[in-house]
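Worksheet: one structure, shown below.
The values are calculated or read from the model by the stated rules, or taken from the named source; none is laboratory data. None of these values were measured; they are calculated from a predicted model. When we count neighbours, we look across all protein chains shown, and the Cβ atoms used for this are built from the backbone with ideal geometry, even at glycine.
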Amino acid sequence: MAEKLFAEFPPVSTEQWEEVIIKDLKGADYEKKLVWKTQEGFSVRPYYRAENLDGIKHLGVEAGCFPFVRGTKNNNDWLIRQDYCACECGYAEANAQAVDGLKKGVTSVGFCIDGKKAISVAEMETLLKDIDVTAVEVNFTGCCCAAVETITSFLTVAKAKGATAENLKASFDYDPLRALNQTGAFCSDKSMDKLKEVIEAAKDYPRVRVIGVEAYAFNDAGSNISQELGFGLAMGSEYINKLMELGLSADDAARRIKFTFSVGSTYFMEIAKFRAARMLWANVVKAYGSERECCQKMKIHAVTSTWNLTVYDPYVNMLRGTTEAMSATIAGVDSLEVLPFDYAFRKPNEFSNRIARNVQSILKEEAHFDKVIDPAAGSYFIENLTQSISETSWKLFQDVENMGGYVEAFKAGYIQNAIKETSVARDKKIETRREIILGSNQYPNFTEVIDKDVTLEVVTRKPAPEVSGAMIGAPLEKYRGAQPFEALRFATDKSDKKPVAYMVTYGNLAMCRARAQFACNFFAVAGFKVVDNNRFSSVAEGVEAALAAKADIIVACSSDEEYAEGVPQIAELVGDKAIVVVAGDPACKDELMAKGVENFISVKSNVLETLKGYQAKLGIK
């Protein structure tokens, strides 16, 4: 007989929970304090209960069953992928790196190629030397106008190696819309018409995917999760629609498409995104007239987000990659690439590649993430996130379809403008530290000196290209969220100055310490040397020590009550020998400003613009 746990405890209603919460808030606004307003446009409650599952239609579906919200297979295994650049180092070197990776845990290799140049059979033999294509998935990225020739060469070599129609797994990311996203123009006028030729080149190999949907490009431009998913679905829909115009069935088109999504840092949201993606795509394919469930399954490759990577404090990227990998694997992706921690600023080395591989190996071999299918299923929170992301993404997808499809929406600027609106809002949150990028806009490594391999080009955000005569729409602007702060600190690092920000702490111990810690973090973000102190016995003692240390910036750190008298004294003692800054937004601010005190930093400050201002005052460009 089953025993009900906690049966001796009386049930607690939602109303009772709410009464206690409202009481604890002591009059504070419930919505502002406890409800999270996501970038995707929906609200997340502070807690969820069983009743919040009412009305969610995708519940109760088993893994491997339509609409595949719980996964497309009967296990949670995934392929550990690592990509190697053949277009820079050559085919022999790329092969050597791939073979080495396969010995160390990789189960799926990717080759980045120059897609405008066909790979000959001889070159393909070099690239695939000592790789068992019957046991390892092989992927090619960067496929463009020479895709058909490259596919043909691969299949010729694979067949010679003993590959059959059933045991050959591979993918080619022929993706004309990727070029449109990146440059604002197609590679050629025939790019979309060539979709059918690409599929026919691999027609005898059912497990070879030849069309890529590179949805991660939206994340690279600062999109939110719903935009990445909604616009990614629209790209896939555009391909199916075009292929059906060219005479293929929905099933024949869909089973050749592979999606590549980013996986970002919003842990639970990313889990929900992949669950929603499978569900929405299955419905899209079915709506096109698909009759075979196997063709309605979305094939998903995930890659950790480049938008989140940082140049400063780069080892934190290892932690980002780990949590992102956890989200993707819990959500049941088919394959995953964890980018090396130094990917953003140099060619990854053996150490960074090994760490990236081992993140996934640990998740499999030690954390056993591959043993449980869809462990998030039934979670009140994640099921609701899945539903919310589905709804917001579907709305964007429908908007694009109503405009005539992806190309027409891109021509009209709808997609670019939507993403730009989101990225501008995200940038503002980063500038004001309402969105934290660890080591960049908050909690920097105070003593870090930038890696000698980094150049100004790496940390500087380039303006979006202007539309030229050849373009049919403005390209998406690729950047990293940390770049403005990296450029800020880089300017200090490369200048011949090392400004000193000195904390003059006095008065109330708790307040002066809290404000000193805040101010140290604030100025260290720009690469300034910060000097903290426990507490001076007087304002005069603190100023004397600061001037002796040749401080460029002297920061008053105390309580609001003590600022009214102390700050004017500091300003008088310092004179024009240094810049006086007040840590906080005191009630006496107007009074202090009337006495000539101009500089204040607080949680309300735009950190980026404020620090740029201090750099300008100190002659740092």
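Here residue 540 fulfils each of the conditions (1) of a type outside the set (Phe, Trp, Tyr); (2) buried (at least 18 other Cβ atoms within 10 Å of the Cβ); (3) at pLDDT 95 or above; (4) touching a helix residue (DSSP H, G or I) at 6+ places or on another chain (Cβ under 9 Å) apart from (2). Restricting region 401-459 to residues that are modelled with pLDDT under 95 and charged (D, E, K, R) leaves a set whose member that is nearest to residue 179 (Cα to Cα) is 457.
Kindly indicate whether residue 516 is at pLDDT 95 or above and either within 13 Å of residue 582 (Cβ to Cβ) or in a loop (DSSP other than H, G, I, E, B) (or both). It is true that residue 516 is at pLDDT 95 or above and either within 13 Å of residue 582 (Cβ to Cβ) or in a loop (DSSP other than H, G, I, E, B) (or both). Scanning region 351-363 for residues that are out of contact with any helix residue (DSSP H, G or I) (no Cβ under 6 Å at 6 or more places or on another chain) and either at pLDDT below 95 or over 20 Å from residue 84 (Cα atoms) (or both) yields a count of 1. Could you count how many residues in region 350-377 are loosely packed, with under 13 Cβ neighbours inside 10 Å and under 16 Å from residue 270 (Cα atoms)? Of the residues in that region, 0 qualify. Just to be sure I understand, how many residues within region 494-536 are of a type in the set (Phe, Trp, Tyr), out of contact with any helix residue (DSSP H, G or I) (no Cβ under 7 Å at 6 or more places or on another chain) and surrounded by 23 or more Cβ atoms within 10 Å (Cβ to Cβ)? Number satisfying all stated conditions: 1.
For region 318-356, the set of residues classified as more than 16 Å from residue 263 (Cα to Cα) and of a type in the set (D, E, K, R) consists of 342, 346, 347, 350, 354, listed by residue number.
Per-residue answers, yes or no, for (1) in contact with a helix residue (DSSP H, G or I) (Cβ under 7 Å, 6 or more places away or on another chain); (2) at positive phi; (3) surrounded by 15 or more Cβ atoms within 10 Å (Cβ to Cβ); (4) not assigned by TED's automatic domain parsing to the domain that holds residue 229:
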position: 8; (1), (2), (3), (4): no, no, no, yes
position: 21; (1), (2), (3), (4): no, no, no, yes
position: 27; (1), (2), (3), (4): no, yes, no, yes
position: 36; (1), (2), (3), (4): no, no, no, yes
position: 58; (1), (2), (3), (4): yes, no, yes, yes
position: 63; (1), (2), (3), (4): no, no, yes, yes
position: 68; (1), (2), (3), (4): yes, yes, yes, yes
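Residues that are exposed (fewer than 15 other Cβ atoms within 10 Å of the Cβ) and either in the same structural domain as residue 355 (by TED's automatic domain parsing) or more than 25 Å from residue 302 (Cβ to Cβ) (or both) occur in region 96-116; there is at least one. What residue, among those in region 469-493 that are farther than 30 Å from residue 522 by Cα and touching a residue at least 40 places away in the same chain (Cβ under 8 Å), is surrounded by the most Cβ atoms within 10 Å (Cβ to Cβ)? Per the criteria, the residue is 476. Going residue by residue through region 413-420, is there one that turns out to be of a type in the set (Gly, Ala, Ser), over 21 Å from residue 282 (Cα atoms) and either assigned by TED's automatic domain parsing to the domain that holds residue 267 or touching a strand residue (DSSP E or B) at 6+ places or on another chain (Cβ under 8 Å) (or both)? The answer is yes, given that some residue of region 413-420 is of a type in the set (Gly, Ala, Ser), over 21 Å from residue 282 (Cα atoms) and either assigned by TED's automatic domain parsing to the domain that holds residue 267 or touching a strand residue (DSSP E or B) at 6+ places or on another chain (Cβ under 8 Å) (or both). Please specify each residue of region 294-351 satisfying the condition of being hydroxyl-bearing (Ser, Thr, Tyr) and either assigned to a helix (DSSP H, G or I) or closer than 26 Å to residue 451 by Cα (or both). 304, 305, 306, 310, 312, 315, 322, 323, 327, 329, 343 - these are the residues of region 294-351 that are hydroxyl-bearing (Ser, Thr, Tyr) and either assigned to a helix (DSSP H, G or I) or closer than 26 Å to residue 451 by Cα (or both). Inside region 253-273, residues that are in contact with a helix residue (DSSP H, G or I) (Cβ under 7 Å, 6 or more places away or on another chain) and under 25 Å from residue 139 (Cα atoms) make up a count of 14. Of everything listed in (1) more than 30 Å from residue 602 (Cβ to Cβ); (2) within 19 Å of the chain's Cα centre (by Cα); (3) surrounded by fewer than 18 Cβ atoms within 10 Å (Cβ to Cβ), the single unmet condition for residue 428 is (1). Residue 306 meets all of the listed conditions (1) surrounded by fewer than 24 Cβ atoms within 10 Å (Cβ to Cβ); (2) out of contact with any helix residue (DSSP H, G or I) (no Cβ under 7 Å at 6 or more places or on another chain); (3) under 27 Å from residue 526 (Cα atoms) but one, namely (2).
State the number of residues belonging to region 114-166 that are of a type in the set (D, E, K, R), assigned to a helix (DSSP H, G or I) and farther than 19 Å from residue 92 by Cα.
2
Just one residue in the set 242, 273, 258 is farther than 18 Å from residue 176 by Cα, of a type in the set (D, E, K, R) and either assigned by TED's automatic domain parsing to the domain that holds residue 413 or surrounded by fewer than 24 Cβ atoms within 10 Å (Cβ to Cβ) (or both); that residue is 273. The C-beta contact set for region 317-341 (first residue closer than 11 Å to residue 369 by Cα, second residue polar (S, T, N, Q) and modelled with pLDDT of 95 or more, distance under 7 angstrom, 6+ apart or interchain) comprises 325/304; 325/360; 332/76. Are any of the residues in region 273-280 more than 20 Å from the chain's Cα centre (by Cα) and assigned to a helix (DSSP H, G or I)? Checking region 273-280: at least one residue is more than 20 Å from the chain's Cα centre (by Cα) and assigned to a helix (DSSP H, G or I).
Scan region 579-606 for residues that are crowded, with 20+ Cβ neighbours inside 10 Å, in a loop (DSSP other than H, G, I, E, B) and not β-branched (Val, Ile, Thr) and the total you get is 2.
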